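Right, I'll just put the structure down here and ask away after.
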Amino acid sequence: MHKTWGGRFQGDTDQRVEEFTESISFDRRLYAHDIAASMAHARMLAEVGLLTAEEAEAIVAALQTIRSEIETGQFAFRVELEDIHTHIERALIERLGDVGRKLHTGRSRNDQVATDMKLWTRDALDTIVGLVRDVQRALVEAAERHADLILPGYTHLQRAQPILASHYFLAYAEKLERDRTRLLDCRDRMDELPLGAAALAGTSLPIDRESVRKQLGFARIAANSLDASSDRDFLIEFVFALAMIGVHLSGWAEEWIVWSTVEFRFLDLPDAFCTGSSIMPHKKNPDVLELIRGKSARVVGDLHRLLVLVKGLPLAYNRDLQEDKQAVFDAFDTLAACLRMAASLIRAARFRPEALAERLEDGFLDATTLMEHLVLAGMPMRSAHEAVGKLVRKCEERGCRLTDLPPEEYDAIRPGLSPGVYHIVGVRNALRAFRSLGSTGPEQVAVQLRRWRERLDTDARM
Ligand code: ARG
């Protein structure tokens, strides 16, 4: 095919090269942002006298038409036109002739693509922030719905201490809050306009970057053209934030996969979110959770792709950078889908309080609180640890719980211990005894739940 911008070439481009180098198959997704940036650029060119007002108006109007053609599927994409920037500019020239040939004044595809990617990422980031908030909402609703439910808390996946289900849900709300603010930090750092960096060195034309900055709503102008045209840090930060969310979701998914097994029976997953087996008629599989766990691997992989892509690249633009898009788009699409599923699943799943209550007293969840009770009674912590350890062994020998031990066993540790101790042992008693800030004690959890409710209500009013 004949070269699109080919004054210096004699021959045509090899078709295999066109197919190898094209990005239109995936960067067409940037069309709206590309057009928005071109409109701002055209208006600025008119402000500084590089276009007449009429020329800029004609360009803006034609860009609007091109946009609606793309949106209604009337726009023809062609591999030989390489990328979205060339497609739109070519369509403009087909419509406006020489006026269309003026749009690219004072800019390059290098600062153009950097700008498009920033505009796209800014929107994508806002979408993710909203989806994370929705999952947090679902978690807080679940925390409110399960206000008194007690769960066994685990470390090393071994029963450890009792926790409130609401405390459990709020733990994930906190993790996601770090993710959310990490995204907002990223948004703030990337809020610099690249356009005007041109190919790498800026331009000798009297462009007004401040005007473009204002029109496109960036907080600042990128200060160094070499940096601005090659910077992809913002994509890596964004995808890192997505990967981190994926990692958080995958831990939660794993927990719920285990909790919904016959072995655990803590959770009832809604039928609508499970699938059957092609051979085993009784099966109800947690595929959605498994895929949330599995898809997080893709996002982590996308982050890896981006880091390796930019590693060792010299300044400024290199065509390698074209490969950034699929990784970022994939990370965004994948994680947005996971967040949507997570919110729905959290809203629809139900704990099984009877199944939980049946086995809550197993596993000595109250042992640590008993030890702390001895500490309060004046026993050195290490001695209390040992004493309770011995009681647990006795229980195991007899096949009973700490609540079942007779008073003599307690009084043997410390005379007079027995009457009060029965208000301490037992999972409910143990749970009530927690009091430190941020603990799973009912008062502490109530404070946190109120804080979350207020935060979400304020957020909803904004
Ligand atoms: N399609 C290219 C990309 O995505 C646009 C920039 C091309 N610039 C260039 N000088 N070839 O990176």
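Here, each number is a calculation from the coordinates, and none is a lab measurement. Not measured: the values here are computed from a predicted model. We place every Cβ from the backbone using ideal geometry, glycine too, and count neighbours over all the protein chains shown.
Obtain the nm distance between the two label points defined at Ala147 and Ala201 by a simple spin-label model: each point lies 7 Å from its Cα along the Cα-to-C-beta direction.
7.0 nm
Students often check this: by mean Cβ neighbours within 10 Å, which of 249-257, 437-445 ranks highest, and how do the rest follow?
Result, highest mean first: 249-257, 437-445.
Still on this structure: Please determine, in degrees from 0 to 90 and to the nearest 10, the orientation of helix 287-310 with respect to the longest principal axis defined by the Cα atoms of the chain, where the helix direction is its Cα long axis.
So the helix axis and the longest Cα principal axis differ by about 50 degrees.
If you don't mind, there's one more thing I want to ask. Against the longest principal axis of the chain, how steep is helix 442-461, in degrees 0 to 90 to the nearest 10, with axes from Cα atoms?
Around 20 degrees separate the two axes.
Right, next: Counting Lys and Arg as +1 and Asp and Glu as -1, what is the net charge of the other residues whose Cβ lies under 11 Å from the Cβ of Trp452?
Local charge sum for Trp452: -2.
Normalised by the number of residues in region 1-101, what is the relative contact order in percent for Cα pairs under 8 Å and 6+ residues apart?
It rounds to 32 percent for region 1-101.
At 20 °C and a viscosity of 1.002 mPa s, what translational diffusion coefficient does Stokes-Einstein give for region 7-128, taking Rh as the Kirkwood radius over Cα pairs? Give it in µm²/s as a whole number.
141 µm²/s
Starting from the Cα of Met381, step 7 Å toward the Cβ, then list every residue of region 150-186 with an amide N under 18 Å from that point.
The answer is 161, whose backbone nitrogens lie closer than 18 Å to the label point.
Right, next: Fewest first, what order do Cys274, Cys338 take by the number of other Cβ atoms within 10 Å?
Going from least to most buried by this count: Cys274, Cys338.
For region 379-457, what does the relative contact order come out to in percent, with C-alpha contacts under 8 Å and a separation of six or more?
Result for region 379-457 is 13 percent.
Oh, and also: Please state, as a whole number in µm²/s, the translational diffusion coefficient that the Stokes-Einstein equation yields for the chain at 4 °C and 1.567 mPa s, with Rh defined as the Kirkwood radius across alpha carbon pairs.
D, rounded to a whole number, is 49 µm²/s.
Multiply the residue gap between Ala219 and Val447 by 0.36 nm, knock off their C-alpha separation, and tell me the result in nm, one decimal place.
Value of the extension gain: 78.4 nm.
About the Cα centre of region 412-462, what is the dipole size in debye to 20, counting +1 per Lys and Arg Cβ and -1 per Asp and Glu Cβ, all else neutral?
Charge dipole, region 412-462, about its Cα centre: 80 debye, nearest 20.
Show which lysines lie in cross-link reach of Lys311 when reach means a straight Cα distance below 29 angstrom and same-chain residues fewer than eight apart are skipped.
Straight-line reach from Lys311, under 29 Å: Lys118, Lys295, Lys325.
Another one. How high is the relative contact order of the chain, in percent, counting Cα pairs under 8 Å that sit 6 or more residues apart?
Relative CO of the chain lands at 15 percent.
So for His156, His385, His2, fewest C-beta neighbours within 10 Å to most, what's the order?
His156, His2, His385
Helix 233-259 against the longest principal axis of the chain: what's the angle in degrees, Cα atoms only, rounded to the nearest 10?
Approximately 30 degrees, to the nearest 10.
Please work out the FRET efficiency for the pair Glu290 and Asp333, using the Cβ-Cβ distance as r and a Förster radius of 22 Å; give the result to the nearest 0.05.
After rounding, the FRET efficiency stands at 0.75.
Sort Phe26, Phe240 so the one with the fewest other Cβ atoms within 10 Å of its own Cβ comes first.
Fewest-to-most ranking of Phe26, Phe240: Phe26, Phe240.
For region 384-428, what is the Kirkwood estimate of the hydrodynamic radius, computed as the reciprocal of the mean inverse distance between distinct Cα atoms, to one decimal in Å?
Radius from the Kirkwood sum: 10.7 Å.
Taking 0.36 nm per intervening residue step and subtracting the Cα-Cα distance, what contour gain separates Asp191 from Asp271 on full extension?
Between Asp191 and Asp271, full extension yields an extra 24.4 nm.
Then there's this: Out of the trypsin sites (Lys or Arg not before Pro) in region 77-129, which ones are loop residues according to DSSP with at most 15 other C-beta atoms within 10 Å?
Counting only loop positions with at most 15 other Cβ atoms within 10 Å, the trypsin sites (Lys or Arg not before Pro) in region 77-129 are Arg78.
Give the aspartates and glutamates whose C-alpha is closer than 12 Å to that of Lys394, dropping any in the same chain fewer than 8 places away, or say none.
Partners found: Asp404, Glu409.
Between Val79 and Met462, how many nm apart are label points set 7 Å from Cα along the C-beta direction?
Using points 7 Å along Cα→Cβ, the separation is 4.8 nm.
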